[in-house]
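Below is one structure, written out as structure tokens; the observations come after it.
The values are calculated or read from the model by the stated rules, or taken from the named source; none is laboratory data. The model shown is predicted, which means the values in this text are computed figures rather than measured ones. Cβ coordinates were reconstructed from backbone atoms using ideal geometry, including for glycine residues, and neighbour counts include every protein chain displayed. The protein model used for the area step is the full one, side chains on, heavy atoms only, and it has no ligands, DNA or RNA in it. Shrake-Rupley method; radii C 1.70, N 1.55, O 1.52, S 1.80 Å.
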Amino acid sequence: MDNIVYLNGEYIPSKDAKVSVFDRALRMADAVFDTERTFAGKIFKLETHIERLSRSLRMVRIDPGMTMNQLKDITLETLARNEALRGPNDDFWITQRITRGVGLSPITAGPPTVIVEVYPLEFEAYASFYETGAHVVTPSTRASSPDIVDPKIKHISRLNMVLADIEAKQVDPTAYMLLLDSDGNIAEGTGSNFFIVSDGVIRTPRARNVLEGISRETVRELASQLGIEYVEEDLQQYHLYNADEAFLSTTSYCVLPVSKVNGQLLKNDTPGPVSKRLLSAWSELVGVDIVGQALSHIRDN
């Protein structure tokens, strides 16, 4: 069964979804997006994601031609039209993409292209790392400077991340890249925020150089509930190599323990106690065993 997407007012099979080759998303990477996931078929923090998308749209001056409430309703309808694709213990990615449309000038281009996609989460891509820990590699390609584009805008122009990912995977095909900024501070991964734990404190890079992830904010909220101190500060590779724990956060895997950096094992067992507590609290929050769900997709096959 083909999944259904929303495209400019229509709900159609993904194989029939077409976008103009002259769309500014293709010509200039002139588009923004946001992505959510479901837990047991229910979208997690949809309103928060839509609000962030709205801020991105205002910053880049794209009028989507609809209200954010309308986009929320379209998202829920697209999800409902794909529910038949969700098997036992499955869940979905949901992505809204909005481009400026067709036109040579950003002032006269349009109307906007509005896309909502729903497709199954690929648990197999990361499930094993809940037990073994992920390998992060710091490539030579650096994070974009906030002096050029504000990282709070969730935009599709990510060639530096693509190049960094290629570099990391040439070291280890299973590795996750971890960008440094131009000053050598830890920044972020491909769609993920990064954390270390030292002296019982969760530490993460300052917001100036990173996307303010919804999952990042959820980590902060859960840390507060669990009585774990949480700070934002400049972090260098020195801090990573000497951390008690490290982990990534993003929409799909929520919290993913890290066991190795640039080929070197971290000094303590993976997953560490803080990562475990966060995953347990997150699972309780959403009513799904996050780790168990992911592992079932590699153990049942």
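Only residues of segment 143-173 count here: report those whose backbone N is under 16 Å from the spot 7 Å along Cα→Cβ of Arg208, or say none. Residues 143-152 fall inside that zone. Think of a 1.4 Å ball rolled over the protein heavy atoms: segment 143-232 then has 45 Å² of accessible area per residue. Taking Cα centroids, how far is segment 270-286 from segment 152-197 in Å? Using only Cα atoms to place each centre, the spacing works out to 23 Å. Straight-line cross-link reach from Lys154 at under 21 Å between alpha-carbon atoms covers these lysines, not counting any fewer than eight positions away in the same chain: Lys45, Lys72.
Label zone (Lys169, point 7 Å along Cα-to-C-beta; backbone nitrogen cut-off 19 Å) within segment 182-221: 188-193. Solvent-accessible area of segment 83-219 (1.4 angstrom probe, protein heavy atoms only): carbon and sulfur portion equals 55 percent. Long hydrophobic helices in the chain, taken as whole DSSP H segments with a C-alpha length of 15 Å or more on their own axis and mean Kyte-Doolittle hydropathy at least 0.0: 159-171, 273-286. Between Arg27 and Lys267, the contour length at 0.36 nm per residue exceeds the Cα-Cα span by 81.8 nm. Descending by average beta-carbon neighbour count within 10 Å, the peptides 142-152, 40-50 line up as 40-50, 142-152, the highest first.
One chain, two ends: Ser145 and Leu159. Fully extended at 0.36 nm per residue, the span grows by 3.7 nm beyond their Cα-Cα distance.
Listed values for segment 118-129 are Karplus-derived 3J(HN,Hα) couplings in whole Hz (6.51 cos²θ - 1.76 cosθ + 1.60, θ = phi - 60°), namely 9, 7, x, 5, 9, 4, 4, 5, 9, 3, 5, 6, and x replaces Gly and Pro. Here the label points at Asp289 and Ala40, each 7 Å from Cα along the C-beta direction, are separated by 1.4 nm in the simple model.
A Förster distance of 35 Å, applied to the separation of the beta-carbon atoms of Asp90 and Ser198, puts the FRET efficiency at 0.45.
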